[in-house]
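The values are calculated or read from the model by the stated rules, or taken from the named source; none is laboratory data. For clarity, every value in this text was computed on a predicted model and none was experimentally measured. Using ideal geometry, Cβ is built from the backbone for each residue, glycine included, and neighbour counts are taken over all protein chains shown. Side chains included, ligands, DNA and RNA excluded: accessible areas come from the protein's heavy atoms. Shrake-Rupley method; radii C 1.70, N 1.55, O 1.52, S 1.80 Å.
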Amino acid sequence: MRTKSLFILLAIVSFLSPSTFGQKVGVVLSGGGAKGAAHIGFLKALEENEIPIDYIAGSSMGAVIGAMYASGLTIEEIEAVVVSDEYRRMAEGEIDDELRYFFKEDDPNASMGTIKFNKGKLTTPTLPVNLINTALLDFNLMLGFSQSSAAANYNFDSLMVPFRCVAADIQRKEQVIFRKGHLTSAVRASMTFPFYLEPIELDGALLFDGGLYNNFPSDVLYNDFLPDVILGCNVSSNEDPPRAEDPLSQLKSMVVYETNFESLCDEMLIIEPDMEVGTFDFKKVQGAINTGYSATVARMQEVLDLTERRVDADEIAAKRTAFNQQKKELVFDEITVSGLEKSQKNYVRRFMRRKADTLGVDDLKKKYFRVYSDDKIRTIFPTATYKERTGFYSLNMNMKKEKDVLLSIGGNVSSRPLNVGFIDVRYNVFGRVSTTLLANSYFGKFYGSTFVAARFDFPTRIPLSVEPSFTLNRWDYFRSFATFFEESQPSFIVSTERFASLKLRFPSGNKGRVDFIGSGGRLADDYYQTESFTAADTADRTRFDALVFDAIYERNTLNRKLYSNRGTYLKFRFKQTGADEQTIPGSTSLNRDTVDTQRSWFNIKLTYMNYFYKKGPFTAGYLAEGVYSNQPVFQNATASQIALPAFQPIPESKSFFLNQFRAQSYAATGLMLVTSFTENLDLRFEGYAFAGIGNNDSNEEGIPFFEFNIEPVYLGSGALVYHSPVGPLSLSANYYDKKEEKWSFIFNFGYLLFNRSVRHN
């Protein structure tokens with residue numbers, strides 16, 4: 001009797017299971033980059049129509065959206081994340097301004113690209129394996145998924161919705177299916193598009209985007225969960241056949257496997273939103289979301305016909321709340337470092353030291369990105385593991401150090417004789433102290449320089465950088481407005497600097513730094529005091545054997561080292577100079593006496609730039625600069641003029657010796673208007689007014705004096721600038737008030753930047 005009753009009960013259960021106990025619906029989401037945001041609209045339409053979502057599988061962007069849903073985020077929360085500026089910055093490899101650690105940033109130079117080597121393998125350079133910086137992405141993945149992973153006890157079947165995603169193991173030529181572990185690692189591996197994101201290594205395997213081998217893992221969903229119905233959202237397709245004239249298509253054909261985008265069974269429906277959104281066009285994700293929603297609504301009757309079970313909003317909310325209540329607050333009581341040697345780990349731990357026993361997210365974020373900013377660190381991949389014993393999380397930072405040798409090249413190509421080449425070589429020594437040995441050289445007709453230094457970064461409680469260096473600078477000014485193809489007139493001023501320095505640098509918050517610099521060396525100027533000179537004439541020479549002390553405060557959030565259009569810049573510099581002046585007159589000098597005398601003066605300079613307004617493609621900013629100095633007059637007017645502070649707000653102005661923009665003290669201000677046609681194409685208009693107090697002059701006998709004349713002079717510029725991946729291309733028209741030839745037209749490609757000068761900067 002009991003056997004018969006049990007048989008009847010099993011038969012009833014078997015008969016009722018598809019409907020009474022619940023028809024199970026699985027959802028599969030394809031890869032597709034920014035187009036994958038359509039999955040949000042797809043899921044939104046399903047929820048609004050009470051379609052159950054019992055399982056999720058995804059690849060690449062589908063893994064990202066699927067994991068967020070499976071982790072207990074609402075559709076509204078997922079959409080808010082994906083359309084946010086923070087998400088766009090992650091996708092484009094930017095770091096938030098407040099996370100930049102200016103203390104660790106190099107002074108701007110003309111570098112346009114870098115090749116990296118390891119010690120002992122100098123004949124085998126390492127080319128970049130990723131286009132974007134993944135620091136913010138990796139950190140936010142850890143923040144976003146660590147609590148969910150812990151709440152599910154690191155079993156993807158125990159998430160709010162059981163979840164699967166796939167990645168590609170390119171060594172074994174097979175897909176990797178993630179069923180457990182850290183969601184952070186699984187999602188990051190699945191979304192690692194080759195050459196866009198740096199791959200991560202898990203269990204000895206180098207993993208890439210799941211779309212390489214399976215861009216629509218409906219088979220994984222079916223085999224792992226056996227759902228009654230499968231609903232898919234596909235925004236991708238297989239690659240076209242390789243073409244003989246297209247090597248990229250041939251490479252894709254060799255690397256990317258063909259994916260099955262067809263239905264696996266009769267109970268399967270695939271929605272395929274059609275949109276004009278590029279793979280990396282993350283500024284158009286809202287449009288992709290809307291398209292995914294409308295495409296799903298258009299076929300909703302088919303979805304309703306295929307599915308029998310319904311779940312209302314209250315039931316979904318209760319399920320989501322029950323899972324989210326299992327999440328533990330993200331507070332850390334332990335930080336471990338892997339991937340580095342013992343002395344290197346000690347350096348990182350000293351940087352990450354905490355004042356209290358535990359560390360919250362905000363404090364962790366600041367310390368984390370300070371460590372990442374060190375030029376000896378190439379990547380950090382963080383994972384957080386919950387410890388039931390302590391009730392807190394342990395953070396592991398899996399780190400890769402930067403290569404030993406870095407070779408950078410760059411410079412500037414111009415339609416005027418401002419062409420300059422640049423080369424920079426650095427050797428990294430990473431231990432308990434972060435050490436860099438570096439040398440660079442600029443070589444060109446207008447500007448040449450050599451810089452050699454050693455930088456030692458100490459992870460003390462107040463971080464400290466110590467840098468002894470030697471610098472040789474030479475500027476060769478000439479009268480001509482010659483183009484690239486014309487022969488310029490002879491030089492009329494050649495200014496050189498040779499000096500050794502010791503710099504102590506301290507941070508001031510994340511955005512600022514303080515430098516104390518002591519320098520000693522020789523400043524030499526060769527010049528003619530008249531424009532009527534020949535090759536047979538000898539130039540006057542003034543040289544200073546000088547000791548210079550600098551105290552500098554800088555605060556910088558500008559987005560570019562040249563032609564910026566966002567952020568602020570503040571610099572305050574106090575400079576005290578003591579020098580022995582020696583002037584030897586040349587053949588054109590009115591005064592034939594050699595002079596050797598002691599000089600002493602100070603200089604205070606304040607520069608502030610602020611892009612204060614942005615609306616749509618339009619940006620407005622202003623620049624204000626002031627100098628106060630008690631510089632004395634030297635043996636002659638030209639020697640005095642060369643040493644005076646100069647106002648040089650646009651790149652080309654640095655190449656002219658403009659008397660009207662030099663003064664013992666001055667005030668200058670200007671407005672910058674930028675229209676951005678695209679992210680990388682700007683039209684700039686800049687206008688400045690300069691008022692000098694203590695302009696240099698001389699009487700008929702050649703005796704110099706300072707003339708206190710505050711009549712303003714003006715400078716303007718209009719430039720079309722394209723910010724290429726290696727450097728800016730600019731075409732500009734510039735106006736200089738009171739110049740013999742007021743207008744100039746110039747093309748530049750690259751960076752017209754200089755090494756540090758004890759006299760100017």
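Miscellaneous remarks
- Summing charges over neighbours of Arg309, with a neighbour being any other residue whose Cβ is under 10 Å away from its Cβ, gives -2 when K and R count +1 and D and E count -1.
- Of Ile409, Ile200, the residue with the largest accessible area leads and the full order is Ile409, Ile200 (1.4 Å probe).
- Rh (Kirkwood; distinct C-alpha pairs) - the stretch 416-479, Å: 13.7 Å
- Counting only protein heavy atoms and using a 1.4 Å probe, the accessible area of Thr460 comes to about 60 Å².
- For the stretch 64-187, the orientation-averaged shadow of the C-alpha convex hull comes to 11.3 nm² (one quarter of the hull surface).
- Residue-averaged [θ]222 nm for the chain, counting only DSSP H segments that reach four residues, each worth -39500 (n - 2.57): -6000 deg cm²/dmol
- Using the alpha carbons alone, the radius of gyration of the chain stands to its Kirkwood radius in an Rg to Rh ratio of 1.08.
- Overall size of the stretch 542-642 from C-alpha positions, given as principal axis extents largest first: 63, 30, 20 Å.
- Per-bin percent of Cα-Cα distances, the stretch 40-80 [5 Å]: 6, 23, 35, 28, 7, 0
- Panel note: the C-alpha atoms of the stretch 267-423, placed on their principal axes, show extents of 67, 63, 26 Å (largest first).
- Accessible-area value, Glu711, 1.4 Å probe, nucleic acids and ligands omitted, Å²: 100 Å²
- Per residue, the convex hull around the alpha carbon atoms of the stretch 55-116 comes to 161 Å³.
- Applying the Karplus relation 6.51 cos²θ - 1.76 cosθ + 1.60 with θ = phi - 60° to the stretch 618-629 yields 3J(HN,Hα) values of 9, 10, 10, x, 9, 10, 10, 9, x, 9, 10, 8 Hz, where x marks Gly and Pro.
- With DNA, RNA and ligands ignored, accessible area of Val83 (1.4 Å probe; Å², nearest 10): 60 Å²
- When the alpha carbon gyration tensor of the stretch 647-693 is reduced to an equivalent ellipsoid, its three semi-axes come out at 27, 12, 6 angstrom, largest first.
- Ordered by 1.4 Å accessible area with all protein chains kept, Leu715, Leu306 run largest first as Leu306, Leu715.
- In plain terms, the bigger the Kirkwood radius, the slower the diffusion; for the stretch 159-225, with that radius from Cα pairs, at 25 °C and 0.890 mPa s, Stokes-Einstein puts D at 205 µm²/s.
- Pairs of Cα atoms farther than 20 Å apart, the stretch 603-671, %: 40 percent
- Average accessible area per residue (Å²) across the chain - probe 1.4 Å, nucleic acids and ligands excluded: 45 Å²
- Split the accessible area of the chain by element, probe 1.4 Å, and carbon with sulfur accounts for 56%.
- Summarising the label geometry, the points placed 7 Å from Cα in the beta-carbon direction at Ala454 and Leu673 lie 5.3 nm from one another.
- Fraction of alpha-carbon pairs over 25 Å apart in the stretch 375-528 - percent: 53 percent
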